[in-house]
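The values are calculated or read from the model by the stated rules, or taken from the named source; none is laboratory data. From a predicted model like this one, the values you see are computed outputs, not experimental measurements. Side chains included, ligands, DNA and RNA excluded: accessible areas come from the protein's heavy atoms. Shrake-Rupley method; radii C 1.70, N 1.55, O 1.52, S 1.80 Å.
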Amino acid sequence: MLNKISVFSIIKDHIATLKSSRTGKIYYPDIILFFIIPAITSGVMISLGVLLNDGLVNALITSFSIFSALLFNLLLLVYDISEKNQDQKQTTDQVEIRKNIQRRELLREIYVNVSFSILTSTITVVILLTYFLKPISCNFWVINLCSLQWLLASVCYYFSVQFLLTLFMVLKRIYRLLAKAFD
């Protein structure tokens with residue numbers, strides 16, 4: 001039942017794109033960049049006392065919602081490009097075959113990274129929407145609800161930085177794809 005909404009394959013496939021182009025193995029500096037740096041940045045922002053406010057939350061919700069819609073369109077464009085790439089006539093030239101395989105792999109990585117960006121954006125919007133559920137009192141049984149606001153801000157900052165980094169990676173990969181098309 002939960003298989004229909006499980007996002008683990010998107011996360012797993014995204015991590016699989018963080019590999020060295022030479023060795024094909026996971027490239028740990030990328031893991032640090034895309035998962036550890038956002039955590040450090042989030043921790044620094046929280047330790048500096050940077051909390052969310054209503055204006056920032058509204059701006060972030062708007063921004064992430066617009067980016068999600070644009071990324072869905074990009075996902076469809078990548079799919080369309082990959083379909084057109086498959087329809088091209090078959091060649092026996094080994095150089096051309098290798099280029100087609102590399103292009104197909106780059107399209108698959110873009111597809112996975114865009115899907116991950118949409119997921120990150122959606123999670124961030126949901127977290128930002130919960131920000132408006134402010135408690136009347138900080139104490140609820142043994143839970144301090146005011147510290148929950150710090151936790152929400154921290155998670156929001158983490159996903160925001162991760163989203164931006166992934167967006168830059170998608171931009172670079174699309175640039176590489178189109179640069180090859182103009183060669």
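Computed values, structure above
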{"item": "Between helix 145-181 and the chain: long-axis angle, C-alpha atoms, 0 to 90°, nearest 10", "result": "20"}
{"item": "Over the chain: helical MRE at 222 nm, DSSP H runs n ≥ 4 each giving -39500 (n - 2.57), nearest 500", "result": "-25500 deg cm²/dmol"}
{"item": "Rg/Rh ratio calculated on Cα atoms of region 1-125 (Kirkwood radius)", "result": "1.07"}
{"item": "Nearby aspartates and glutamates by direct alpha-carbon distance to Lys180 (threshold 15 angstrom, same-chain neighbours under 8 apart not counted)", "result": "Glu96, Glu105"}
{"item": "HN-Hα J in Hz across region 51-64 - Karplus 6.51, -1.76, 1.60, θ = phi - 60°, x for Gly and Pro", "result": "9, 6, 10, 4, x, 5, 4, 4, 5, 5, 4, 4, 4, 5"}
{"item": "Accessible area of the chain belonging to carbon and sulfur atoms, whole % at 1.4 Å probe", "result": "68"}
{"item": "Helix 37-47 axis, angle to the chain major axis (alpha carbon atoms, nearest 10°)", "result": "20"}
{"item": "Under-5 Å amide H pairs with Tyr27, H placed in peptide plane, nonlocal only", "result": "Lys19, Ser20"}
